[in-house]
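Student: Can you keep this structure in mind? I'll have questions shortly.
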Amino acid sequence: MHTRERFLCAAGSIFNELCKCMFSFRLLFLMEVVELSAADTGLIILIGQIVDALTSVISGYLGDMVKVPVLSQKIGMRKSWHLMATVFTGIVVPLWGNRCILCGGNHQTWLPPVYYGFLYSLYNMCFSVMEINHLAFITTSAVSVEELTDLSAISASR
């Protein structure tokens, strides 16, 4: 594997770790910044974890068997799923990190939990697809056991 590919693999690992760190931040954000109740926050986190579990089951299948039009022919199926999930994560994170854009001036108590619940579920889906396909890419792109060990060490180092 070329140095450029190793660097990109390491960058993907760093991005995955940053996304993992954001999970604990979400609880504080929802309760302290958005000022949702503990029950609403807990429900959002629960729904997000259920969506993550369901998406984890199909993420590997998507990367192995489902072609993304145009992208899969150029960069391969796993990389294309990883790229799409990364792009969607890049869209969802700024929406998530701000006040509810649909709630402007409305005093409806159901709208913020639905808004943040949808974004959190979408974030969890994207993260699952991104992480599983990134880890699968590491195992299939390594040419030798030594290279696999190096890539795994880069991925695991924090």
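Readers should treat all values here as calculations from the given coordinates under stated rules, not as data from a laboratory. These numbers come from a predicted model, not from an experiment. Reconstructed Cβ throughout: ideal geometry from the backbone, glycine too, with neighbour counts over all protein chains shown.
Student: Based on the Kirkwood radius over alpha-carbon pairs, what value in µm²/s does the Stokes-Einstein equation return for the translational diffusion coefficient of region 1-69 at 20 °C and 1.002 mPa s?
Tutor: Diffusion coefficient, whole number: 144 µm²/s.
Student: Label 7 Å along Cα→Cβ of Met31; region 115-146 residues with amide nitrogen under 11 Å?
Tutor: None, by backbone N distance to the label point.
Student: With springs connecting C-alpha atoms under 10 Å apart, model the chain as a Gaussian network and identify which of Ser121, Ser59, Ser141 has the largest mean-square fluctuation.
Tutor: Maximum fluctuation in the GNM of the chain, among the listed residues, is at Ser141.
Student: Once R0 is set to 41 Å, what does the formula 1/(1 + (r/R0)^6) return for the Cβ-Cβ distance between Leu54 and Glu5, expressed as a FRET efficiency to the nearest 0.05?
Tutor: With a Förster radius of 41 Å, E is 0.85.
Student: Report the one residue of Thr86, Leu71, Leu54 whose Cα lies farthest in the direction of the positive end of the charge dipole of region 30-90 (charges on C-beta: Lys and Arg +1, Asp and Glu -1; origin at the Cα centre).
Tutor: Leu71
Student: Next question. Compute the acute angle (0 to 90°) between the alpha-carbon long axis of helix 111-141 and the principal axis of greatest extent of the alpha-carbon atoms of the chain; round to the nearest 10°.
Tutor: 10
Student: Let me ask you something else. Given the options Ile101, Ile138, Ile91, which has the most mean-square fluctuation in a GNM of the chain, springs set between C-alpha atoms less than 10 angstrom apart?
Tutor: Result: Ile101 has the largest fluctuation of those listed.
Student: Follow-up question, since we're still on this one. Residue-wise, which Karplus ³J(HN,Hα) couplings in Hz belong to region 56-73, taking 6.51 cos²θ - 1.76 cosθ + 1.60, θ = phi - 60°, and x for glycine or proline?
Tutor: These are the phi-based 3J(HN,Hα) values: 4, 5, 9, 4, x, 4, 4, x, 8, 10, 9, 8, 8, x, 6, 5, 4, 5 Hz.
Student: In sequence order, what are the phi-derived ³J(HN,Hα) couplings for region 74-90 according to the Karplus relation 6.51 cos²θ - 1.76 cosθ + 1.60 with θ = phi - 60°, rounded to whole Hz, with x for glycine and proline?
Tutor: 8, 10, x, 5, 5, 5, 5, 5, 4, 5, 4, 5, 5, 5, 5, 4, x
Student: Over all alpha-carbon pairs in the chain, figure out the percentage whose distance exceeds 26 Å.
Tutor: Here the tail beyond 26 Å accounts for 35 percent of pairs.
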